[in-house]
1. If you wrap a convex hull around the Cα atoms of the chain, how much volume per residue is inside, in Å³?
2. Need one number: convex hull volume per residue for the stretch 79-185, Cα atoms only, in Å³.
3. When the convex hull of the Cα atoms of the stretch 298-382 is projected onto a plane and the area is averaged over all directions, what value comes out in nm²?
4. Subtracting the Cα-Cα distance from 0.36 nm times the residue separation, let me have the gained length for Arg26 to Ala357 in nm, one decimal.
5. Evaluate the distance, in nm, between pseudo-label points positioned 7 Å from the Cα of Ser247 and of Asp192 along their respective Cα→Cβ axes.
6. Taking the simple approach of a point 7 Å from Cα along Cα-to-Cβ for both Met111 and Lys178, what is their distance in nm?
7. Tell me the net charge near Gly376. Cut-off is 15 Å between Cβ atoms, Gly376 excluded, with +1 for each Lys or Arg and -1 for each Asp or Glu.
8. What span do the alpha-carbon atoms of the stretch 125-166 cover on each of the three principal axes, reported in whole Å from largest to smallest?
Amino acid sequence: MNLRLPSLAFSLSFLAHAGAPFSTLRLPESGIQPQAIADDAGTIHVVYFKGDPKAGDLYYVQVKGTRFTSAVRVNSQAGSAIAMGTIRGAQVALGKAGRVHVAWNGSSAAMPKGPVNPESGDAGSPMLYSRMDASGVFEPQRNLMKKTFGLDGGGSIAADRDGNVYVVWHGKLPGAAKGEVGRQMWIAASGDSGKTFADEKAAWNGNVGACGCCGTAAFAAKNGDLYLLFRSATEEVHRDIYMLRSSNHGASFEGRLLDRWDINACPMSSMSIVQDGASVTGSWETAGQVFHAPLILGKGPAKKQAPDGEGKRKHPRLAVNGKGDRLLVWTDGTGWQKGGSLAWEVLRKDGSKDAGAISDGAAVWSFAAVVAGGDGRFVLIY
């Protein structure tokens, strides 16, 4: 897919932090909540949020060398994206022929509306989707919620090279149990690169609920398997991390409990998934710490924790370069519009490790994105 993007703009200043195995760059025009992914040629694709957190806009740029391309707006209706709570930003995936796919939680003003919430009688927020066309413009946004209601925490998206696109979220059907225990994961799948989607269906009937204001993560592996991560809400207090895996393009899933956390509150957390060779690894937060582990059904290797430390650690992001080195980045001490720092750990293929932090005051209150470019260098975007 040969995209004709606008001319390059937004000159970048790559910062080399002492001992850091990556370059850092800031989003244009005070953007927040970046999501980034690299294609086979090493081009880095970035989607981010800008504007009123209750009703803002999404923008798409590329990183080429030391420059951003000019920003292209993703949402076709102004003010139809939401960023509240940090975990409700956009998600991006690359599909067949390098097509860019984006999904996001719609704002209360977004059109089309989501299904009516029978518990309130009001039309709910929609789960929106758009894809880029060959001219570099995003198609009009579409709502993929047809039967479910109660969209809250952030949805996610995955795509593969065969033209399959998957948008996932947690929500409810009319008649479901009240509260978070009545929530479950839903998936809308496309087999024609996002041209059409089937109505959503339940991904898994594990009866564990879903943490209302927590995010989700979806990832399509190179072998076609589809992975999902979400946080449960069993009995309102068992806020555990579950993985789901499908080997039949989302037709059915098997599930596994990865990590337990009993807390009578919504931690507003997010997750990430990355592939390293044949291995797929997930990362998440539990009790103020961040962890990562291979996503294997049945008993697998023990989870690994980021370096010891106190604080409020959230929003882990993983990247792997061509050498097999892994970079884990997370926020430390941040909150909604509350500044803190970014922390990182690199785990090299030879077994050596390094760790550090980036303090940038109020500028670091959103999560960051981390990706490995075509030359193997890591780039951290915030």
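Nothing in this text is a laboratory measurement; each read-out follows from the coordinates by a stated rule. From a predicted model like this one, the values you see are computed outputs, not experimental measurements. Methodologically, a virtual Cβ is constructed for each residue, glycine included, from the backbone with ideal geometry; neighbour enumeration extends over all protein chains shown.
1. Each residue corresponds to 125 Å³ of Cα convex hull volume.
2. 103 Å³
3. 6.7 nm²
4. 117.6 nm
5. 3.0 nm
6. The two pseudo-label positions are separated by 3.5 nm.
7. -1
8. Per principal axis, max minus min of the Cα coordinates gives 34, 22, 17 Å.
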